[in-house]
Amino acid sequence: MTDNNQSENRPFDNNQYREHEHSQPHTQPFGSPFQPLEPDTEIHKHSGIGIASFVLALVAVLLVVIAIIIAVVGARGLAEDQSLLTELENFANLYGPGQETELGNALMDSEIFGEFIATFLFAGVLMLGSLALAFVGLILGIVSAASRKRKKTFGIIGLVLNGLFVVGTIGLFIATIALGMGSV
């Protein structure tokens with residue numbers, strides 16, 4: 001009897017309350033039998049592949065801008081360099097029709113002309129490198145957009161930017177070839 005009296009006189013125990021609270025099902029007000037919806041506690045992170053696709057798109061655009069700047073500066077230097085123009089004139093006078101191979105060899109041996117060729121080749125390599133990066137970014141964007149467990153924001157942005165870059169470059173290449181064929 002002392003045990004019953006002690007438990008009845010004992011202050012409220014928090015552990016007993018918690019056990020009692022969890023033993024009964026949760027109900028909505030007015031006796032609704034539906035359980036409340038649990039909020040989506042899983043936090044989705046941005047896809048690393050999607051971020052990589054987005055960054056590759058930005059790097060590809062940056063490389064094209066750098067390549068264009070290099071090509072424009074090289075072309076401007078080519079147009080303003082009087083020594084190169086004089087050397088080209090001398091080569092044209094030395095080599096006539098039918099001697100294009102000798103003219104080409106002489107131009108390639110020319111130190112001044114070689115610098116300009118190297119500048120334009122470097123710009124071309126940068127442009128091809130940017131196209132390769134955009135193609136890889138396009139593939140990564142597709143993979144990221146197909147992911148179910150991660151956020152797709154950067155993947156979709158990377159997919160669109162890289163896709164536009166690749167399609168635009170291929171379209172420009174085809175248009176250049178078509179214009180070249182039309183002038184022949």
Using all C-alpha to C-alpha distances in the range 46-96, build P(r) with 10 Å bins and read off the rounded percent in each one.
22, 23, 20, 15, 11, 7, 1
Name the residues whose placed amide hydrogens come within less than 5 Å of the amide hydrogen of Lys151, ignoring near sequence neighbours (fewer than 5 apart) on the same chain.
Lys45, His46, Ser47
How much length, in nm to one decimal, is gained on full extension between Leu164 and Val73, taken as 0.36 nm per residue of separation minus their Cα-Cα distance?
30.1 nm
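So with the 1.4 Å probe, I'd like the accessible area per residue for the range 112-184, rounded to whole Å².
66
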With the cut-off at 1.5 for a/c, could you classify the range 117-163 from its C-alpha gyration tensor as rounded, prolate or oblate?
prolate
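What length, rounded to one decimal in nm, is gained on full extension from Ser83 through to Ala118, with 0.36 nm per residue of separation minus their alpha-carbon distance?
On the way: separation 35, 0.36 × 35 = 12.60 nm, distance 1.74 nm.
Stretched fully, the Ser83-Ala118 segment lengthens by 10.9 nm.
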Contour minus Cα-Cα span, Leu128 to Ile66, at 0.36 nm per residue, comes to 21.1 nm
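The values are calculated or read from the model by the stated rules, or taken from the named source; none is laboratory data. In this text, all values refer to a predicted model and were calculated from it rather than measured experimentally. When the accessible area is computed, the model is the full protein with side chains, heavy atoms only, and any ligands, DNA or RNA have been set aside. Shrake-Rupley method; radii C 1.70, N 1.55, O 1.52, S 1.80 Å.
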